[in-house]
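Student: Please see the structure below; I have some questions.
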Amino acid sequence: MVSRYILLQESRRNLKGRCPFHKDVTTSLMVSPEKNIYQCFGCGKGGGPIEFVMAMENKSREEAITLIAKG
Ligand SMILES: [Zn+2]
């Protein structure tokens with residue numbers, strides 16, 4: 001889900017990439033495909049796919065769920 005929006009690189013079992021929620025010069029955003037969660041160590045944002053889509057698309061929780069369901 002997250003990889004649709006940002007470029008991710010592999011880092012052991014977790015993926016990491018540049019955080020889209022703050023001006024990230026390193027790769028502060030960690031994504032765990034196993035747990036289906038993300039966490040930014042720069043700005044502290046984190047959550048699941050619903051929270052991610054809500055933040056990226058500026059949608060309500062309901063709209064985010066609909067978007068994810070559509071694929
Ligand atoms: Zn961040």
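The values are calculated or read from the model by the stated rules, or taken from the named source; none is laboratory data. Note that the coordinates shown come from a computational prediction; the quantities given were computed from them, not determined experimentally. Every residue, glycine among them, receives a Cβ derived from its backbone with ideal geometry; neighbour counts consider all protein chains shown. Areas reflect the complete protein model, heavy atoms only, side chains present, ligands, DNA and RNA absent. Shrake-Rupley method; radii C 1.70, N 1.55, O 1.52, S 1.80 Å.
Student: Looking only at the stretch 18-41, count every residue that is farther than 24 Å from Arg61 by Cα and among the small types (Gly, Ala, Ser) and tell me the total.
Tutor: Here the count works out to 1.
Student: Could you list, in sequence order, all residues of the stretch 23-34 that are in contact with a Lys or Arg (Cβ under 6 Å, 6 or more places away or on another chain) and either open to solvent by 70 Å² or more (accessible area, probe 1.4 Å) or among the β-branched types (Val, Ile, Thr) (or both)?
Tutor: Across the stretch 23-34, the qualifying residue is only Thr27.
Student: If you don't mind, another one. If I ask for residues that are touching a residue at least 40 places away in the same chain (Cβ under 8 Å) and open to solvent by 60 Å² or more (accessible area, probe 1.4 Å), which ones from the stretch 35-71 would you list?
Tutor: Met56
Student: Please return the ranges of strands (runs of 3 or more DSSP E) entirely within the chain where 1 or more residues are small (Gly, Ala, Ser) and within 11 Å of the ligand (Cβ to nearest atom).
Tutor: Ranges flagged: 14-17.
Student: A further question on this structure: Filter the stretch 1-20 for residues that are within 26 Å of Lys70 (Cα to Cα) and either surrounded by fewer than 18 Cβ atoms within 10 Å (Cβ to Cβ) or in contact with a His (Cβ under 8 Å, 6 or more places away or on another chain) (or both) and give the result.
Tutor: Result: Met1, Ser3, Arg4, Tyr5, Leu7, Gln9, Asn14, Pro20.
Student: Turning to a different aspect of this structure: Anything in the stretch 55-66 that is modelled with pLDDT of 95 or more and of a type in the set (A, V, I, L, M, F, W, C)? List them, or say none.
Tutor: Across the stretch 55-66, the qualifying residues are Ala64, Ile65.
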